[in-house]
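**Student:** Structure in structure tokens, see below.
Each reported figure results from applying straightforward, stated rules to the coordinates on display, with no laboratory input. For clarity, every value in this text was computed on a predicted model and none was experimentally measured. Cβ sites come from the backbone with ideal geometry, for glycine too, and all protein chains shown count toward neighbours.
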Amino acid sequence: MIGSKTIIFCAPSDFGFSDVIKSELQQQGFTVYDFPVSDTRYKYKRFAERLLNIYKKTILGNYAYKRQLKMAERNKTLMRQLKNIDHADYALFIRPDLFPLPFVKEVKSKVDKLIGYQWDGLQRFPEVIDYIDLFDRFFVFDAEDLASKTDLLPLTNFFIEKNIPESSERSAYFIASYDEHRFELIKKLKTIFDHEDVDSQLYLVSSEDKQIQNIQNAGLPVEKPLTYQENIHRVEKASILVDIHSPIHSGLSFRVFEALNYNKKLITTNRSVRNYDFYHPNNIFIWNTIDKNGIAEFLKAEYVEIPYEIKHKYAFSNWINYVLDIGEYSSIELSTTKSTLV
């Protein structure tokens, strides 16, 4: 535990996840100055703004104007809050591209060490590339991104340490926002789970009428966005977690680490998980997205307990020490070497 240190914490507030991290930071002994932002669409303040955006896109080819409006408004709000802080030991930005560049620069002037973590691929949100050089330590979770720029550091996501509850027998859980890629794969998995007599709790989140109709026609439930705690409650009840990763990157989602923390079996489409030190084929099945070959055998295989020293590496308490480079910690590497468990 770190005593009497201060940290400016800036992260997305969606689904209540920043609140969870803030609470964990406080439990580690930090005084936290919290600057959450919501990754929502910008709402035009005047009709003239909408017209100008259309003109800039169609005539000038400038697709950044709407983002500029959102960031300018966000910058005013954040700067007002930042005035109340004279100094902090650290600042941690998760998804720095969600924060205005002038705000990040002002935070840098108030802290001893500025740290950033892009928990999504650099290609998916390339605006963040303009931020990287501001940071003393900048982490990425996709091994391919490490080669794109010097001085980037490797980092995975993490889990919040909790007691392991009893789970339902042969029940699978998945939730994510709707997109066509996920939708098609979830339909296939539902058919497989039905054949294997697995209780499948597979949810897609959408507010668009056409997408909702597609979900319902496939016999799947439509879900509203869940808070982090609501999601974890469902994770605890399941025996199998499903992870369908975005093809644009190979970084590991939080679902992978939830499975690790709670000793759940995991079915994933992310092949890179095979190269991590916690991988074991009894615990993690890498699905080819085409057929059900191997799934029945995987479901019958006994779960293999992961050694504490490997598992604890991905707990938040070790994660934050590694990120801030303080205290004792185990360094976290990305998918570059093969697992030692198989």
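**Student:** Of L260, I248, N231, whose Cα points farthest to the positive end of the dipole of the chain (charges on the beta-carbon: +1 Lys, Arg; -1 Asp, Glu; origin at the Cα centre)?
**Tutor:** I248
**Student:** Name the trypsin sites (Lys or Arg not before Pro) in the stretch 66-120 that are in a loop by DSSP and that have at most 16 other C-beta atoms within 10 Å, would you?
**Tutor:** Answer in residue order: K83, K110.
**Student:** With just the Cα atoms defining each centre, how far is the stretch 75-121 from the stretch 259-293? Give it in Å.
**Tutor:** Taking the Cα centre of each part, the stretch 75-121 and the stretch 259-293 sit 36 Å apart.
**Student:** Short version: ³J(HN,Hα) in whole Hz for each residue of the stretch 300-314, in order, from phi by Karplus 6.51 cos²θ - 1.76 cosθ + 1.60 (θ = phi - 60°), x for Gly and Pro, what are they?
**Tutor:** Computed from phi, the couplings for the stretch 300-314 are 7, 5, 6, 5, 9, 5, 8, x, 4, 5, 6, 4, 5, 3, 9 Hz.
**Student:** So how strong a dipole does the chain carry about its Cα centre when Lys and Arg Cβ are +1 and Asp and Glu Cβ are -1, to the nearest 20 debye?
**Tutor:** With only Lys, Arg, Asp and Glu charged at Cβ, the dipole is about 1420 debye.
**Student:** With runs of 4+ DSSP H residues as the only contributors, calculate the mean residue ellipticity of the chain at 222 nm using -39,500 (n - 2.57) per run, divided by the residue total and rounded to the nearest 500.
**Tutor:** Details: 12 runs with 116 residues, N = 342.
That comes out to -10000 deg cm²/dmol.
**Student:** Okay, next question. Is the shape of the chain rounded, prolate or oblate, going by the alpha carbon gyration tensor and its root eigenvalues a ≥ b ≥ c, with a/c under 1.5 for rounded and a/b larger than b/c for prolate?
**Tutor:** oblate
**Student:** Something else now. May I ask you to list the GluC sites (Glu not before Pro) in the stretch 197-277 that are in a DSSP loop and have at most 16 other Cβ atoms within 10 Å of their Cβ?
**Tutor:** On the way: sites: E208, E223, E230, E236, E258; in loops: E208.
Those that pass, being in a loop and sparsely packed, are E208.
**Student:** Counting pairs of alpha carbon atoms under 8 Å apart in space and at least six apart in sequence, what relative contact order in percent does the chain give?
**Tutor:** 14
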